[in-house]
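All remarks here apply to the structure that follows.
None of the figures in this text is laboratory data; all of them are computed from the coordinates on show. On a predicted model such as this, the values are computed, not experimentally measured, just so you know. With ideal geometry, Cβ positions are generated from the backbone for all residues, glycine too; neighbour counts draw on all protein chains shown.
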Amino acid sequence: MINSEHENINAYGEENLSYITGEDLDNIIDSVKSYEDAEKTPGKLIKLIHFDVNHPENRNLIMDDDGKTCIYHGKGWKIINKETFHDLVVDRAFNIVNNYYTRRRELYKLKNNLLGIQSELVENYKDYSKEIEEKYKIIIDTNIVVTPVLCPNHPKKPCKDDLQYEFTIFDLYGNDNLKNYFKNKIRIGEIKAKLEEEVGKDEKDNLNLELIELNDKIIDFEQKEVTI
């Protein structure tokens with residue numbers, strides 16, 4: 001029988017998780033050196049969420065006097081069997097850790113790929129070497145930060161009510177976006193030069209339409225850059 005006071009206990013699934021940081025998840029992930037270590041990662045997060053001595057409001061997962069696992073659902077305690085415990089608690093913790101790791105890996109890959117094409121950009125877009133240098137200073141100085149830390153719905157197809165990972169400078173610049181940005185600027189210069197020549201009406205109209213489209217892409221890119 002559980003005699004624990006529960007007035008200040010959060011219901012399962014509604015815990016206070018604000019104190020859990022990226023460093024906490026990094027420590028859990030970086031401690032994995034073997035398959036056995038990987039199996040322990042959900043348990044480490046469960047301990048951090050439900051058994052942190054500084055956050056008794058999250059003690060909504062306990063063992064009763066008979067050794068049965070119980071969760072607090074907001075109005076009282078409910079016994080759950082081993083299979084339910086695994087599906088409800090362990091899988092949730094595993095998904096959070098795994099999704100954080102997946103996002104962190106995505107960002108590292110984007111950053112490393114960007115660093116790998118710096119010399120190519122400088123070589124191919126010499127007229128923009130100063131701008132390339134400025135953008136690469138941002139890339140180098142920006143740390144990998146996964147926000148939000150706890151995003152259990154990723155990487156499934158998100159719905160509008162799901163948490164979304166913060167869009168980063170690596171997302172904006174990565175996947176050839178930075179390369180295409182400078183390619184578009186070069187093309188804009190070519191079009192402007194062409195429009196100064198004697199061209200037919202149809203060709204002029206097509207060039208102007210392309211110019212508008214490219215300018216829109218440049219503006220959109222630069223607005224996102226400023227926002228980030």
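In whole percent, what relative contact order does the range 114-227 give with Cα contacts below 8 Å and a gap of six or more residues?
Computed over the range 114-227, the figure is 22 percent.
Just the projected area, averaged over all directions, of the convex hull on the alpha carbon atoms of the range 114-227: how many nm²?
9.8 nm²
Ignoring everything except DSSP H segments at least 4 long, calculate the 222 nm mean residue ellipticity for the chain; use -39,500 (n - 2.57) per segment, divide by total residues, nearest 500.
-18000 deg cm²/dmol
On a straight-distance basis, which aspartates and glutamates could pair with LYS126 in a cross-link, Cα separation under 14 angstrom, same-chain partners fewer than 8 positions away excluded?
Cα-Cα hits under 14 Å: GLU134.
Karplus couplings for the range 139-150 from phi (6.51 cos²θ - 1.76 cosθ + 1.60, θ = phi - 60°), rounded to Hz, Gly and Pro as x?
Result, ordered by residue: 4, 5, 7, 8, 7, 6, 9, 8, 9, x, 5, 9 Hz.
Would you work out if the chain is rounded, prolate or oblate? Take a ≥ b ≥ c from the square roots of the eigenvalues of the alpha-carbon gyration tensor; rounded if a/c is under 1.5, else prolate when a/b is larger than b/c, oblate otherwise.
prolate
If amide H atoms are built 1.01 Å from N in the plane of the peptide, which residues on other chains or at least 5 residues away come under 5 Å of the amide H of LEU163?
ASN153
With 10 angstrom as the radius, rank PHE94, PHE167 by how many other C-beta atoms surround their C-beta, starting from the fewest.
By the 10 Å Cβ count, ascending, the order reads PHE167, PHE94.
Within the range 15-56, what residues put their amide N at less than 20 Å from the label point 7 Å along the Cα-to-Cβ vector of VAL90?
28-29, 32-51
Taking a 18 Å limit on the Cα-Cα distance, which of the listed pairs LYS111/LYS137; LYS109/LYS224; LYS185/LYS217; LYS111/LYS179; LYS109/LYS130; LYS40/LYS78 fall beyond it?
As for pairs spanning more than 18 Å Cα to Cα, those are LYS109/LYS224; LYS109/LYS130; LYS40/LYS78.
Tell me, in nm to one decimal, what length is gained between ASN81 and ASN206 on full extension, where the rule is 0.36 nm per residue of separation less the Cα-Cα distance?
38.2 nm
Choose one of VAL122, LEU207, PHE94: the residue whose Cα lies farthest towards the positive end of the charge dipole of the chain (beta-carbon charges +1 Lys, Arg; -1 Asp, Glu; about the Cα centre).
The one lying farthest along the dipole's positive direction is PHE94.
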